[in-house]
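The structure under discussion appears below in the form of structure tokens.
The values are calculated or read from the model by the stated rules, or taken from the named source; none is laboratory data. In this text the structure is predicted, and so the values were computed from the model without any measurement. Using ideal geometry, Cβ is built from the backbone for each residue, glycine included, and neighbour counts are taken over all protein chains shown. Quick note on the areas: whole protein, heavy atoms, side chains included, nothing else; ligands and nucleic acids left out. Shrake-Rupley method; radii C 1.70, N 1.55, O 1.52, S 1.80 Å.
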Amino acid sequence: MSYFATQLVHGIPVNDNNTGAVNPPIYNSSTFAFESVESMPHWDYARSGNPTREFLERQVAQLEHGVRGFAFASGLAAIHAALSIFKPGERIVVGDNIYGGTYSQVNEFFRRWGLQFTVVNTQDLDAVREALAQPDAKALYFETLTNPLLKVNDVEALSRLAHEAGAISIVDNTFVSPYLQNPLDLGADIVLHSATKYLAGHSDVIAGVAVTGREDLANRLYYAQNRLGGVLPPQESDAVRRGIQTLALRIDRQQDNAQKIAEHLQSHPGVTAVHYPGLASDPGHELASRELHGFGGVLSFEVDESLIDPVVVLNAFRLFRLAVSLGAVESLAELPSRMTHFELPRAERLKVGITDGLIRLSIGIEDVRDLIADLDRALAAGAAGRGEDVAGELEGLPAKLGVPIVGDAEPVRVPVAG
Ligand SMILES: *Cc1c(COP(=O)(O)O)cnc(C)c1O
């Protein structure tokens, strides 16, 4: 039995080539020859299985302490597969702060197919227990950390409540990765990842994985993967495999940077709140210290809008890229109210705490001194922009007030230093 960092580098060899290549080959083959009509080959057709994908699937099962893993063409394809195992009439209790794409898949797609959903605040265990007591509740679905406010969900307590109600517990572990938490060890039955984020880690691939510790659920997930067909191609499987090799190194640096940035922001006069479980003052700090092996690389903070214009701040970054997504080597910044969560009506957003002045950062592996300098400069630009015409004060950068910020499809381009 090897340790986690070793498993990241080596995985579980498939031992299917005799060239001595230190990396598993990328098998660009959609079909595999039978030795004879009577043979039952392990690989016959690449939707059903491909050795490159299988390497990744065995590795994520190992990293998440499950029995089987499945790789999909996106995080949402993995989520779709996991939710497709339920039948019309069955009820799934979902957290009220889940990823927007999941929320619309649930509401606009699965509801039409007859699944019932109850939306609940997963921070409130009594409310969860009550929701799970409704007829036909078969699953509780939530995320380890909520987005963008980084509230910590208690995987152990929530999974126990699900089991007491005869339901399974499904956890989207994207924000922390198996390096910081293994939900299956805390009682979850299925763990999901958008591998696009920390697992791949370089903003160069869209991928998803599902892992379970139960053979019966594994069979249902495999059916969904093979028959709905949203499989991860071999090239992308290899990109995720390569990303995984440096997962621990990347997250060590990312959360070290995030901690320093969170502490720095706390002392900024224009910042009214910093949401990061690594801060001792954070309401989730105690739980995160218990259930996680670190606090992750994503944080959010709120600016005092009478002092600082958040739109000007976002447009003034030079090192932080103005982009949705997270978990990669480069630092990203976004304004949830106008970008990731813009589809939520303003009143709904404010109800869950997503104010107009809330800024989310995904911290990369750069030198933290450069990141802090970029933040300070952008915050100063935002302060200068409050109520005045600031063009000219930003060292040549246009204030960009009035530049429309739209959804994920059309990110606004900002000039980047160097
Ligand atoms: C990005 C993300 C998803 C969706 O994954 P894709 O790879 O974009 O399909 C699901 N859950 C969380 C928490 C995410 O951040």
* Asked: Of the residues that make up the stretch 100-116, is at least one touching an Asp or Glu at 6+ places or on another chain (Cβ under 8 Å), part of a strand (DSSP E or B), at pLDDT 95 or above and open to solvent by less than 30 Å² (accessible area, probe 1.4 Å)?
  -> no
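Out of contact with any Lys or Arg (no Cβ under 9 Å at 6 or more places or on another chain), open to solvent by less than 10 Å² (accessible area, probe 1.4 Å) and away from the ligand (no atom under 15 Å from the Cβ), is that true of LEU247? Even if it seems obvious, please write down each step before you answer.
On the way: out of contact with any Lys or Arg (no Cβ under 9 Å at 6 or more places or on another chain): yes; open to solvent by less than 10 Å² (accessible area, probe 1.4 Å): yes; away from the ligand (no atom under 15 Å from the Cβ): yes.
Yes: the conditions hold for LEU247.
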* Which numbered condition GLY278 fails, given (1) touching a residue at least 24 places away in the same chain (Cβ under 8 Å); (2) part of a loop (DSSP other than H, G, I, E, B); (3) within 24 Å of LEU180 (Cβ to Cβ) -> (1)
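Do we have any residue at all in the stretch 300-312 that's aliphatic (A, V, I, L, M) and closer than 24 Å to THR102 by Cβ?
Keep residues of the stretch 300-312 that are aliphatic (A, V, I, L, M), which gives 303, 307-308, 311-312.
Next cut, closer than 24 Å to THR102 by Cβ only: none.
Among the residues of the stretch 300-312, not one is aliphatic (A, V, I, L, M) and closer than 24 Å to THR102 by Cβ, which makes the answer no.
Could we say that LEU76 is touching a Gly at 6+ places or on another chain (Cβ under 9 Å), part of a helix (DSSP H, G or I) and either within 12 Å of the ligand (Cβ to nearest atom) or open to solvent by 30 Å² or more (accessible area, probe 1.4 Å) (or both) here?
On the way: touching a Gly at 6+ places or on another chain (Cβ under 9 Å): yes; part of a helix (DSSP H, G or I): yes; either within 12 Å of the ligand (Cβ to nearest atom) or open to solvent by 30 Å² or more (accessible area, probe 1.4 Å) (or both): yes.
Taking the combined requirement at face value, the residue satisfies it.
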* Structure fact -> Residues of the stretch 86-99 being open to solvent by less than 20 Å² (accessible area, probe 1.4 Å) and away from the ligand (no atom under 14 Å from the Cβ), in sequence order, are ILE92, VAL93
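Results for (1) out of contact with any strand residue (DSSP E or B) (no Cβ under 8 Å at 6 or more places or on another chain); (2) open to solvent by less than 60 Å² (accessible area, probe 1.4 Å); (3) touching a residue at least 40 places away in the same chain (Cβ under 8 Å), shown as yes or no for each residue.
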{"residue": "SER2", "(1), (2), (3)": "yes, yes, no"}
{"residue": "GLN7", "(1), (2), (3)": "yes, yes, yes"}
{"residue": "ILE12", "(1), (2), (3)": "yes, yes, yes"}
{"residue": "ASN17", "(1), (2), (3)": "yes, yes, no"}
{"residue": "VAL22", "(1), (2), (3)": "yes, no, no"}
{"residue": "PRO25", "(1), (2), (3)": "yes, yes, no"}
{"residue": "PHE32", "(1), (2), (3)": "no, yes, no"}
{"residue": "GLU35", "(1), (2), (3)": "yes, no, no"}
{"residue": "SER39", "(1), (2), (3)": "yes, yes, no"}
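Take the conditions more than 14 Å from the chain's Cα centre (by Cα), in contact (Cβ under 8 Å) with a residue 60 or more places away in the chain and away from the ligand (no atom under 16 Å from the Cβ) and apply them to ASP124. Does it pass?
Working: more than 14 Å from the chain's Cα centre (by Cα): yes; in contact (Cβ under 8 Å) with a residue 60 or more places away in the chain: no; away from the ligand (no atom under 16 Å from the Cβ): yes.
Taking the combined requirement at face value, the residue does not satisfy it.
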* List the pairs whose first member sits in the stretch 77-94 and is assigned by TED's automatic domain parsing to the domain that holds GLN225 and among the acidic types (Asp, Glu), whose second member is open to solvent by 30 Å² or more (accessible area, probe 1.4 Å) and outside any strand (DSSP E or B), and whose Cβ atoms are under 7 Å apart, counting only residues at least 6 apart or on separate chains? -> GLU90/ASP136
* Asked: Name the residues in the stretch 173-187 that are open to solvent by less than 10 Å² (accessible area, probe 1.4 Å) and of a type outside the set (Ser, Thr, Tyr), would you?
  -> ASN173, VAL176, PRO178, LEU180, GLN181, PRO183
* Kindly check whether there is at least one residue in the stretch 214-233 that is of a type in the set (Lys, Arg), within 11 Å of the ligand (Cβ to nearest atom) and not assigned by TED's automatic domain parsing to the domain that holds ASP374. => no
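Can you go through GLY66, GLY20 and tell me which one is closer than 30 Å to PHE110 by Cα and assigned by TED's automatic domain parsing to the domain that holds ALA207?
On the way: GLY20 fails: closer than 30 Å to PHE110 by Cα.
Only one candidate qualifies: GLY66.
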* Would you call VAL155 within 16 Å of the ligand (Cβ to nearest atom) and within 14 Å of the chain's Cα centre (by Cα)? -> no
* To do: Within the stretch 292-332, track down each residue that is touching a Phe, Trp or Tyr at 6+ places or on another chain (Cβ under 7 Å), buried (at least 24 other Cβ atoms within 10 Å of the Cβ) and assigned to a strand (DSSP E or B).
  => VAL298, LEU299
* Residues that are farther than 24 Å from LEU307 by Cα and either assigned by TED's automatic domain parsing to the domain that holds GLN123 or of a type in the set (Lys, Arg) (or both), drawn from the stretch 341-375 -> ARG369
